Amino acid sequence: MPRLAGFSTGALAFADFSGALAIMQGINEITCVEFSALRHGELLPLLKAVPELQKHSRIAKYGYISIHAPSNFDAEQEGEIVTLLLAHTPKHWPIVLHPDTIHDFLAWQKFGEQLAIENMDRRKTTGRTAEELDSIFEKLPKARLCLDIGHARQVDTTMTEAYKILKKHSDRICQLHVSEVNSASRHDPLSASAIRAFQEVAWMIPEKIPAIIESNLAALPAGNARAQAIQDEIDHVQTALTPLEKPAIPA
Amino acid sequence: MTVMSQDDSAPTQNSIDLLAQKLGQATWENIRNARVRAQEMRIQYTGALEGLDTDDTSIVVFGSLARDEATEQSDVDWTLLIDGMADPKHMDAAFTIQQKLDEKKAKAPGKEGTFGNLSFSHEILHWIGGEDDSNINTTRRILLLLESKPLGKSAAWERVRNNILHRYVTEDHGLWVPKKERGVPLFLLNDIARYWRTMVVDFAYKQRTRNNKGYALRNIKLGLSRKLIYASGMLACLRCHLDISDKDWSKSSRDNPQALIDNLRTTFDMTPLEIFADTLIRVEYHHLLPESKKLFDAYDKFLGLLQGQNMRKHLDELSIHAMDSDTEYIQAQTIRREFGDALLKIFLGQDSDLRDLTIQYGVF
């Protein structure tokens, strides 16, 4: 059985989770989803819609669902965001959070294992490396990890940092973010180089870990070309997460 | 990977201090002073050069400043390492760097053109061997691994170093085929050895082209700081064989080389002296502690000698014809010999665990 793979809603339809769900509806290979609320204003409408989404089975086909918390907020907004997420997010949906956004770690401790800290790209000043993640998990001991393998490659193209993160924090990983992260830290479809690089550490990522694709396809117009691009990206991600060579001893 | 902060210079206890403690009576004040001075200088220059680097460029220093062996007379060997988009403004940044360093009364780099200008990751990374791998290119690449530190933003420096190591490890066919229990990265070790031999040959070249001027000081440096760089590089390669666990070796392959890269990167994050101290302090090298003491005692005396402005000047100006009867030079030669003897015993002594590896990988 292939690894669960699906998209971040923001990768398919900018600030429009409903539109993204509609795009994914007919594609059988999409088996998981992440609801993106990267901008503060997206969070409340999304959370309000959750009961409706569940009631009408629009998300029944997904074997894994997560939600991405806003990536930029001030200390005053933080309390409101925490309250909203605590009140309205289904408990079995992991909440992905950028560590550099946190003002009050105590507030986020309330989520326990539901919180998934994401490793950061090179523009950020924290959360980029295995060592930097250590200090974050000291403050959020129960939190899990969303391994953004594209961020890890952008920080270190030899994938040695990804290797170190996987070696040190593999027991925390609950999902992946997969994309080509370019030099401007934007999420592009996977290149051949990225696929080859990801394969070098793929043996360390258990098959049960779902892959959320962040490659930006939102600009593509509706039609066969977009459907093909989505299908191609899923295939590329599955290839990238298949080890080239199985080591003698399992991870 | 340690993403280095702007200030990596807090004088915390390192492996040299721990080895000194283990040896009891050793103090190595000159080594300690040189480290503190180097760290202070790096802080000072980092502040002066703030804003001249980017995520695509790192200002990198080499030599004694990077090795934590600075004296008041140390050159500031620097380069603006570029790993990103081509930009004519890089040259402007390089001019400004030298101007700011001049304002700080930093001693300018040597005349060879290896430092004090721009370096490009493409050449350093892709031209390993072959016609295009010039003396300058080899020097920059090997010294990026063996003795370099970024002032300020470190991202470009880290990327280039990591990718150099990736090439040395993944393209080392003999390391992976046939599959071995463990090995030594010979492609890398051979390039480090090539660099060392080039340095030694260039020593003779400079002797001729400079008409023996500065011979005595260069001779002492060759047998101490230059030899230390080479020996630390060899030790770093041998440590892949010694340090990496059976489990990690068994999981490693040309397609999964990260355990080796990580080991090398961690080792090269240390200064050459720290690599020795970090190795020799281990229980399995306990029997080499007397030689370790001799090695560090000799190097401490060498740094003490360089820290004395008069002595350095004296050696720099000493005529080649007067050397054999010159008391100071004879003293310096004795230090050089003590250091060399200790190195020999550490790598090739009958009771050294490094002996077999050195013979197997370091000779032919």
Practice problem: Specify the residue that is surrounded by the fewest Cβ atoms within 10 Å (Cβ to Cβ); the eligible residues are those in region B:243-257 that are over 14 Å from residue A:243 (Cα atoms) and within 7 Å of another protein chain (Cβ to nearest Cβ). | Solution: B:247
Quiz item: Any idea which of (1) within 14 Å of chain A (Cβ to nearest Cβ); (2) at pLDDT 95 or above is the one residue B:3 doesn't satisfy?
Solution: (2)
Exercise. Could you tell me whether region A:197-212 includes any residue that is assigned to a helix (DSSP H, G or I), under 30 Å from residue B:56 (Cβ atoms) and among the aromatic types (Phe, Trp, Tyr)?
Key: yes
Quiz item: Do we have any residue at all in region A:219-240 that's within 14 Å of chain B (Cβ to nearest Cβ) and either in contact with a Phe, Trp or Tyr (Cβ under 6 Å, 6 or more places away or on another chain) or of a type outside the set (S, T, N, Q) (or both)?
Solution: yes
Quiz item: Has region B:51-65 got any residue that is of a type in the set (A, V, I, L, M, F, W, C) and surrounded by fewer than 16 Cβ atoms within 10 Å (Cβ to Cβ)?
Solution: no
Exercise. Please report, ordered by residue number, the helices (runs of 4 or more DSSP H) entirely within region B:208-297 with at least 2 residues that are modelled with pLDDT of 90 or more and hydroxyl-bearing (Ser, Thr, Tyr).
Key: B:227-243, B:258-268
Quiz item: Condition test on residue B:158, is it within 14 Å of chain A (Cβ to nearest Cβ), under 15 Å from residue B:265 (Cβ atoms) and out of contact with any Leu (no Cβ under 9 Å at 6 or more places or on another chain)?
Solution: yes
Quiz item: When only residues in region A:179-203 that are buried (at least 21 other Cβ atoms within 10 Å of the Cβ) and touching a residue at least 60 places away in the same chain (Cβ under 8 Å) count, which is nearest to residue B:166 (Cα to Cα)?
Solution: A:181
Quiz item: Filter region A:157-184 for residues that are farther than 20 Å from residue A:35 by Cα and touching a Lys or Arg at 6+ places or on another chain (Cβ under 7 Å); which is farthest from the other protein chains (Cβ to nearest Cβ)?
Solution: A:172
Quiz item: With B:320, B:330, B:359, B:335 as the choices, which residue is aliphatic (A, V, I, L, M) and not in a helix (DSSP H, G or I)?
Solution: B:320
Quiz item: Any residue in region B:160-168 that is within 29 Å of residue B:38 (Cβ to Cβ) and without any contact (Cβ under 8 Å) to a residue 12 or more places away in the chain?
Solution: no
Quiz item: Looking at A:218, A:162, which one is in a helix (DSSP H, G or I) and in contact with a helix residue (DSSP H, G or I) (Cβ under 9 Å, 6 or more places away or on another chain)?
Solution: A:162
Self-check item: Criterion: more than 22 Å from residue B:163 (Cα to Cα), in contact (Cβ under 8 Å) with a residue 12 or more places away in the chain and within 14 Å of another protein chain (Cβ to nearest Cβ) - qualifying residue of A:133, A:85, A:140
Solution: A:133
Quiz prompt | Residue ranges of helices (runs of 4 or more DSSP H) in region B:1-120 with at least 3 members of a type in the set (D, E, K, R) and over 23 Å from the mean Cα position of the chain (by Cα) | solution = B:89-103
Quiz item: For region B:23-50, how many residues are crowded, with 19+ Cβ neighbours inside 10 Å and without any contact (Cβ under 8 Å) to a residue 24 or more places away in the chain?
Solution: 0
Quiz item: Tell me, which residue of region B:161-186 that is at the interface with chain A (Cβ under 10 Å from one of its Cβ atoms) and among the β-branched types (Val, Ile, Thr) is farthest from residue B:265 (Cα to Cα)?
Solution: B:170
Quiz item: Taking region A:112-126 only, how many residues are out of contact with any strand residue (DSSP E or B) (no Cβ under 8 Å at 6 or more places or on another chain) and part of a helix (DSSP H, G or I)?
Solution: 1
Practice problem: Being closer than 25 Å to residue A:147 by Cβ and in a strand (DSSP E or B) narrows it down to one of A:59, A:81, A:67, A:27, so name that one. | Solution: A:67
Quiz item: Scanning for something of a type outside the set (Val, Ile, Thr) and part of a helix (DSSP H, G or I), does region A:179-189 turn up at least one residue?
Solution: no
Quiz item: Within region A:223-236, can one find any residue that is outside any helix (DSSP H, G or I), in contact with a helix residue (DSSP H, G or I) (Cβ under 7 Å, 6 or more places away or on another chain) and modelled with pLDDT of 95 or more?
Solution: no
Quiz item: Taking region A:185-197 as the region of interest, how many residues are of a type in the set (A, V, I, L, M) and either more than 14 Å from chain B (Cβ to nearest Cβ) or touching a Cys at 6+ places or on another chain (Cβ under 9 Å) (or both)?
Solution: 3
Quiz prompt | Residue check for residue A:244: within 13 Å of chain B (Cβ to nearest Cβ), part of a loop (DSSP other than H, G, I, E, B) and within 20 Å of residue B:258 (Cα to Cα) | solution = yes
Practice problem: Collect the residues in region A:30-56 that are assigned to a loop (DSSP other than H, G, I, E, B) and either more than 17 Å from the chain's Cα centre (by Cα) or β-branched (Val, Ile, Thr) (or both), keeping them in residue-number order. | Solution: A:30, A:31, A:56
Quiz item: Which condition does residue B:220 not pass, out of (1) within 13 Å of chain A (Cβ to nearest Cβ); (2) touching a residue at least 24 places away in the same chain (Cβ under 8 Å), if it passes all the others?
Solution: (1)
Quiz item: What single numbered condition from (1) away from chain A (no Cβ under 14 Å); (2) surrounded by fewer than 17 Cβ atoms within 10 Å (Cβ to Cβ); (3) within 14 Å of the chain's Cα centre (by Cα) fails to hold for residue B:276?
Solution: (2)
Quiz item: Which of the residues spanning region B:127-154 are farther than 24 Å from residue B:232 by Cα and either part of a helix (DSSP H, G or I) or within 14 Å of chain A (Cβ to nearest Cβ) (or both)?
Solution: B:152, B:153
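The values are calculated or read from the model by the stated rules, or taken from the named source; none is laboratory data. Computed from a predicted structure; not experimentally measured. We place every Cβ from the backbone using ideal geometry, glycine too, and count neighbours over all the protein chains shown.
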